[in-house]
1. Which distance in nm do the two modelled labels at residue 141 and residue 255 give, with both placed 7 Å along the Cα-to-Cβ direction?
2. What's the center-to-center distance, using Cα atoms, between region 225-254 and region 11-37 in Å?
3. Please turn the phi angles of region 153-168 into ³J(HN,Hα) values with the Karplus equation 6.51 cos²θ - 1.76 cosθ + 1.60 (θ = phi - 60°), one per residue in order, whole Hz, x for glycine and proline.
4. Which whole-number percentage describes the relative contact order of the chain, with Cα contacts under 8 Å and a sequence gap of 6 or more?
5. Spelling out what I want: for every residue of region 86-98, take phi, set θ = phi - 60°, compute 6.51 cos²θ - 1.76 cosθ + 1.60 (Karplus), and round to whole Hz; glycine and proline get x.
6. What is the antiparallel percent of DSSP beta bridges lying wholly in region 140-267, to the nearest 5?
7. Estimate the FRET efficiency between residue 101 and residue 161 by the formula 1/(1 + (r/R0)^6), using the beta-carbon distance for r and 41 Å for R0, to the nearest 0.05.
8. Where a ≥ b ≥ c are the square roots of the eigenvalues of the C-alpha gyration tensor, would you call region 140-267 rounded, which needs a/c under 1.5, or, failing that, prolate if a/b is larger than b/c, or oblate?
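Each reported figure results from applying straightforward, stated rules to the coordinates on display, with no laboratory input. All values reported here derive from a predicted model rather than from experimental measurement. Cβ: placed from backbone, ideal geometry, glycine included. Neighbour counts: every protein chain shown.
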Amino acid sequence: MSDVIRSTARMVGGLKASRGLVSASSRLVPEEVPIAFSYAGSTHAVMMATPDDLEDFAVGFSLAEGIIERAEDVVAIDVVEAGEGIDVQVTLREMTAEALIARRRRMAGPVGCGLCGIESIEQASRAVKPVAAEGFSLTARDVAQAMAQLTARQDLNRQTRAVHAAGFYSLRQGLVAIREDVGRHNALDKLVGAVVIGGWDSAEGAVVVTSRLSVEMVQKTAALGAPVLIAISAPTALAIRTAAQAGITLIGIARDEDFEIFTRPDRVAEGVPLHV
């Protein structure tokens, strides 16, 4: 593979202005390449992403998009260099592949461009399955530790100051997985894949992210089956409605032990007040 495709970051030169003086400088910046996901020989989506953890990315994307129901639905993953990008070729078990092909056929007739139009609008606002994690709870200290551990383990962001992270926090083990990417959705897809491939019980932990809480972040967390989603920033109104529908505890604006709970406050053992 080319150097660009192999690298997650590279050093670049530039100029730095400071207190009225300009001098030569260098900085490590993250790499960003087109990554295609192909199923049954047909490209389903192309993402601009950091070229690492691609098996996790493929499984997490497939699960979050409803292409598969479990990691075992993926038979093989082949990562192939394709010009300036990467083609991640996903082989599905026969029944899953047939269902995906049938879905494409239904979309192809009324929708000329295949993945846009009415079908994709409905998909964007799709209902989410309620998470099955009754009895799970955490404390304000857990929330603070989850965010602190995520920050401490952001190796690529520490070098570049330009990527997002998503992590999975276990009450018993702390932060057991973290994935970084230039895109917040990509980071969460990679994390979803890492959690299911790693065999961690998604119902026994919290997803923690460095980004704002858009509806897609809630949908992906629901697809994973995690009962809690914690973020450093605030949610959108649709994200709050979707989290309530899924039974997810949505925690935003997390700064140390200060944060706001937007849905399902009963999972926070210390009874922190709900602010909407």
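1. 2.3
2. Region 225-254 and region 11-37 have Cα centres separated by 34 Å.
3. 9, 7, 4, 5, 5, 4, 7, 10, 6, 9, 10, 8, 9, 9, x, 10
4. 17
5. Once rounded to whole Hz, the list reads 10, 9, 8, 8, 9, 9, 9, 5, 3, 5, 5, 4, 5.
6. Numbers: 16 of 24 bridges.
Given both bridge residues lie in region 140-267, the antiparallel proportion sits at roughly 65 percent.
7. That pair, residue 101 with residue 161, gives E of 0.45.
8. It comes out rounded by the Cα gyration axes.
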